[in-house]
1. Could you tell me what % of all Cα pairs in the stretch 162-230 have separations over 17 Å?
2. With a 10 Å radius around each residue's Cβ, average the other Cβ atoms per peptide and rank 159-169, 132-142, highest first.
3. For the residue pair Asp315 and His63, what label-to-label distance in nm results when each label sits 7 Å from Cα along the Cα-to-beta-carbon direction?
4. Would you kindly state how much longer the chain becomes between Ala352 and Thr270 on full extension, computed as 0.36 nm times their sequence separation minus their alpha carbon distance, in nm to one decimal?
5. Note the direction-averaged projected area, equal to a quarter of the hull surface, for the Cα convex hull of the stretch 344-455, in nm².
6. If you take the beta carbon distance between Asp98 and Ala392 as r and set R0 to 45 Å, what does 1/(1 + (r/R0)^6) give as a FRET efficiency, to the nearest 0.05?
7. Could I get the Rg over Rh figure for the stretch 209-261? Both from C-alpha atoms, Rh via Kirkwood, rounded to two places.
8. Rounded, prolate or oblate: which fits the stretch 150-189 when a ≥ b ≥ c are the square roots of the eigenvalues of the alpha-carbon gyration tensor, with rounded for a/c under 1.5 and prolate only if a/b beats b/c?
Amino acid sequence: MDTGAETRPPSPGAPAAEWIAFDRVVRRTSSWSYTSPVETPEAVKLCHPDGRIREAALRAPKHLLSPLLEFAAIRCADWVPAVRAQARQVLARALADDPAGTLHRLTPLVVRLGRREQGAWALERFEDLLNEDHALLGELRGSPDPRTRRFAARLTLGVGLLDVRELAALAATEPDPATGGLWTDATLAALAADGPDDEAVDTLLGGHGQMVRAAGVTALRGAGRAAEAADHLCDRSGMVRACARWLVRQAGGDPRPLCREPLADPARVTPYAVTAFAECSRREDAPLLRALLAHPAGQVRAAAVGGLRLLDVTDVELLRPLLDDPAPAVAREVARSLGASADRLPADWLMARIEPGRPSHTRRAAYRLLFARGGVAGLRASVALLTDRDPALRTIAAQRVQSMWSPNRPPDLPARDPEVGALLDRCTHLFSDHVMRRMRYGLGLPVPAAPADAY
């Protein structure tokens, strides 16, 4: 093994995964000398495949071990009992000398090691110290490492340090969804046990994550504020909107007219309001959504196209001109809506929209519909884009050509068609010779002779 960059240990403050990865690389390297470790770096000795060398390295002076304390933590879960025992002495001394610094430094690593067969020892020591040092536990709740945040959250909840408002505040500001779920569940449990708290509910309603806001909407019922659910019918999250509709119905109301009201003023309508209305409207409400196809805001037009799709009232002739819409979101929604009706669109009209002079989003939407048509039209469009100047379109086209053939499903192409043969000749680089011969044979096309070395 090269003793250069590959054997250089992670720098101080590096993520826990880097220390674990370095240890794994060294342990799996068979070229280390087992008998002459004198010139071996200390970091490598601590991770060496030979347990005797690992144990001896853990007896090194403190000034040599301190910069590599992460490896001592890893060795606490070592499979060799003697190595584990020595490493645990090193870690115990570090915790005794500088508990706060050691916990800050090693908790992300120890949390990951805790899943190993011998990893519980260090994790239990860290838990014991943190359960006594609530200030440090609070600092770890703000760690940049998500697993450490979850670990600190579970310990905090276990000792019951926070009241319902503090729990709600943590839930509302938590960037990690898993940790946010812990705080949210704890807040709801506290509300159920201790009764409603308007400030806590308001904090949840203003939360960053959709699960937090959804929990806040649900908590409105227990707080006797079900009427406020209408204020959240147009939330940016579908989960929150669903909870708001449920609560409106639980209170004896109908979300449909409430969602229709924000659409009365086209100048103030938002994309989320359009989607919210579509989610609870009926097919007879389609004219209102069709009217929004001419709205000046592209996101509103896109939401209207998606809303019509939800109502299953897709009008091919109405949506077809919107494939040329200047807003990419509109073109994407139109392609999604017309996918099942792509065979009703003229192939030549779609081919004209994948020409290089068209906007990128129009070309991609038109190609999506051409491929949805299948047959020669889809293959012709794909082959035309294999040499396109847009690398994303080239990649998509190549993947779709390859997806047209499966050993268990013949391609959707006419048999004995000369154009198909010519198109396949232009994409031979996407298939092995064997696959291409099988494809051509299945389509009744001339099959080139196999190379002599294929037999």
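1. Details: 649 of 2346 pairs.
Above the 17 Å cut-off, the stretch 162-230 has 28 percent of its Cα pairs.
2. On the way: 159-169: 17.9, 132-142: 15.3.
In decreasing order of mean packing, 159-169, 132-142 become 159-169, 132-142.
3. Label at Asp315, label at His63, 8.4 nm between them.
4. Working: separation 82, 0.36 × 82 = 29.52 nm, distance 3.29 nm.
So the chain would gain 26.2 nm between Ala352 and Thr270.
5. For the stretch 344-455, the mean projected area of the Cα convex hull comes to 7.6 nm².
6. Values: r = 52 Å, r/R0 = 1.15.
The formula returns an efficiency of 0.30 here.
7. On the way: Rg = 9.9 Å, Rh = 10.6 Å.
Value, to two decimals: 0.93.
8. Working: a/c = 1.68, a/b = 1.12, b/c = 1.50.
Since a/c reaches 1.5 but b/c is at least a/b, the shape of the stretch 150-189 is classed as oblate.
Bear in mind these aren't lab numbers, they're just calculated from the coordinates by the rules spelled out. Here the structure is a predicted model, which means the values were calculated and not measured. As a convention, Cβ positions derive from the backbone with ideal geometry for all residues, glycine included, and neighbour counts pool all protein chains shown.
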